[in-house]
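The values are calculated or read from the model by the stated rules, or taken from the named source; none is laboratory data. Computed from a predicted model, the values in this text were never measured in an experiment. FYI the Cβ positions are ideal-geometry reconstructions off the backbone, even for glycines, and counts take in every protein chain you see.
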Amino acid sequence: MRYLIFTDIHGNLESYLALHKLIQRRKIDHYIFLGDLVGYGASPNEIIQKIRSLKPLSIIRGNHDKAVCGLDSVQTFNPIAASAIHWTADHIKKNNLDFLRRLKTGPQIIHKEIMICHGAPFDEDHYIFGEFDAAEAFEHINTPICFFGHTHFPFVYTEKDHLVDGTFMTGNSNEIKIEKGVKYLINPGALGQPRDRSPLAACAIYDSKARKVKFYRMEYDIEEAQRKILKEGLPSPLAERLSLGI
Ligand SMILES: [Fe+2]
């Protein structure tokens, strides 16, 4: 099986269009989305429709999805993120809001071998930002691989014989081999708002037969995404950060 793993689109339609081009060139059996369809970007309705039309095998909620549909308060968000949450809540169609409200909570188990979560397996809102967080997460993972999002950094943590290691996956087309006897905690990077100082949209493909995960970075029409953000009156730093990858 070939699984496309992606996360943190944040209402960025233009980044999705780059993903769509990749999908057309690759054989994908299943789509797995790790949360944050909306928030920050200017195309929440379009993104929800596009992702639904992919008929993902599994899709879980992110903290922004929860806040937009009122399942969580915006108190934990910084003022710019909170203002995007309010804008999104004001502009989202009712059927899309209902869809967000019904999204599952992570972690979920897929085909007995993949765990997925937005933040961490023990707390959907927790950021895994280093080996210490990863070690805690591994205690809650009972599958060979867990995919997570939320940090917007493409990263691979491994655990073998109680040793935890982390690798930042820079660049396009990097690949890792899934070894027996090793547990993996993998973030494909953010599709719609990368924060690793590369503005390129990120995703990954897991090939369960070849036992490989390949990381992709894709150019997309950042200027158009920025133009829409500014046109809608969303805070200008949300447009600026896209071209900086922060
Ligand atoms: Fe996010």
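Here are some residues: Leu242, Leu238, Leu230. Which one is free of Cβ contacts under 8 Å to residues at least 24 places away in the same chain and either closer than 27 Å to Thr105 by Cβ or not in a loop (DSSP other than H, G, I, E, B) (or both)? Lay out the reasoning, then the answer.
On the way: Leu242 fails: free of Cβ contacts under 8 Å to residues at least 24 places away in the same chain; Leu238 fails: free of Cβ contacts under 8 Å to residues at least 24 places away in the same chain.
Criteria check complete, one pass: Leu230.
Residues are listed down the side, and each one gets a yes or a no for (1) within 18 Å of Phe6 (Cβ to Cβ); (2) surrounded by 17 or more Cβ atoms within 10 Å (Cβ to Cβ):
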{"residue": "Pro44", "(1), (2)": "yes, yes"}
{"residue": "Gln49", "(1), (2)": "yes, no"}
{"residue": "Asp65", "(1), (2)": "yes, yes"}
{"residue": "Pro79", "(1), (2)": "no, no"}
{"residue": "Ile92", "(1), (2)": "no, yes"}
{"residue": "Leu97", "(1), (2)": "no, yes"}
{"residue": "Lys112", "(1), (2)": "no, no"}
{"residue": "Met115", "(1), (2)": "yes, yes"}
{"residue": "Phe132", "(1), (2)": "no, no"}
Name the pairs: first residue in the stretch 8-19 and touching a residue at least 24 places away in the same chain (Cβ under 8 Å) and over 11 Å from Ile48 (Cβ atoms), second residue away from the ligand (no atom under 11 Å from the Cβ) and part of a loop (DSSP other than H, G, I, E, B), Cβ to Cβ under 7 Å, at least 6 apart or on different chains? Asn12/Ser43; Glu14/Tyr220; Glu14/Asp221; Ser15/Tyr220; Leu17/Tyr220; Ala18/Glu219; Ala18/Tyr220
Could you check Phe99 against (1) at pLDDT below 95; (2) of a type outside the set (A, V, I, L, M); (3) in a helix (DSSP H, G or I) and say which number it fails? (1)
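Quick check on this structure: which one of Thr158, Thr143 is in a loop (DSSP other than H, G, I, E, B), hydroxyl-bearing (Ser, Thr, Tyr) and in contact with an Asp or Glu (Cβ under 9 Å, 6 or more places away or on another chain)?
Numbers: Thr158 fails: in a loop (DSSP other than H, G, I, E, B).
When all the criteria are applied, what remains is Thr143.
If you take the residues in the stretch 177-194 that are among the hydrophobic types (A, V, I, L, M, F, W, C) and farther than 26 Å from Glu223 by Cα, which one is farthest from the ligand (Cβ to nearest atom)?
Here is the first cut: in the stretch 177-194, the ones among the hydrophobic types (A, V, I, L, M, F, W, C) are 178, 182, 185-186, 190-191.
Those still in the list that are farther than 26 Å from Glu223 by Cα too: 178, 182, 185-186.
Details: Ile178: 25, Val182: 27, Leu185: 17, Ile186: 16 Å.
Taking the candidates together, the pick is Val182.
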Could you list, in sequence order, the residues of the stretch 184-237 that are on the phi > 0 side of the Ramachandran plot and within 20 Å of the chain's Cα centre (by Cα)? Gly189, Arg197
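If the requirement is being under 14 Å from the mean Cα position of the chain (by Cα) and part of a helix (DSSP H, G or I), which of these qualifies: Asp36, Asp65? Walk me through how you get there before you give the answer.
Working: Asp36 fails: part of a helix (DSSP H, G or I).
None of the other options fit; the residue is Asp65.
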I need a count of the residues in the stretch 141-157 that are closer than 14 Å to His118 by Cβ and away from the ligand (no atom under 16 Å from the Cβ). 1
Lone unmet requirement of (1) touching a helix residue (DSSP H, G or I) at 6+ places or on another chain (Cβ under 7 Å); (2) in a loop (DSSP other than H, G, I, E, B) for Ile85: (2)
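Residues are listed down the side, and each one gets a yes or a no for (1) out of contact with any helix residue (DSSP H, G or I) (no Cβ under 9 Å at 6 or more places or on another chain); (2) farther than 28 Å from Asn45 by Cβ:
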| residue | (1), (2) |
| --- | --- |
| His91 | no, no |
| Asn95 | no, no |
| Phe99 | no, no |
| Leu103 | no, no |
| Ile116 | yes, no |
| Asp123 | yes, yes |
| Glu131 | yes, yes |
| Ala137 | yes, yes |
| Asn142 | yes, yes |
Scan (1) within 16 Å of the ligand (Cβ to nearest atom); (2) without any contact (Cβ under 8 Å) to a residue 12 or more places away in the chain for the single condition Gln24 breaks and write down its number. (1)
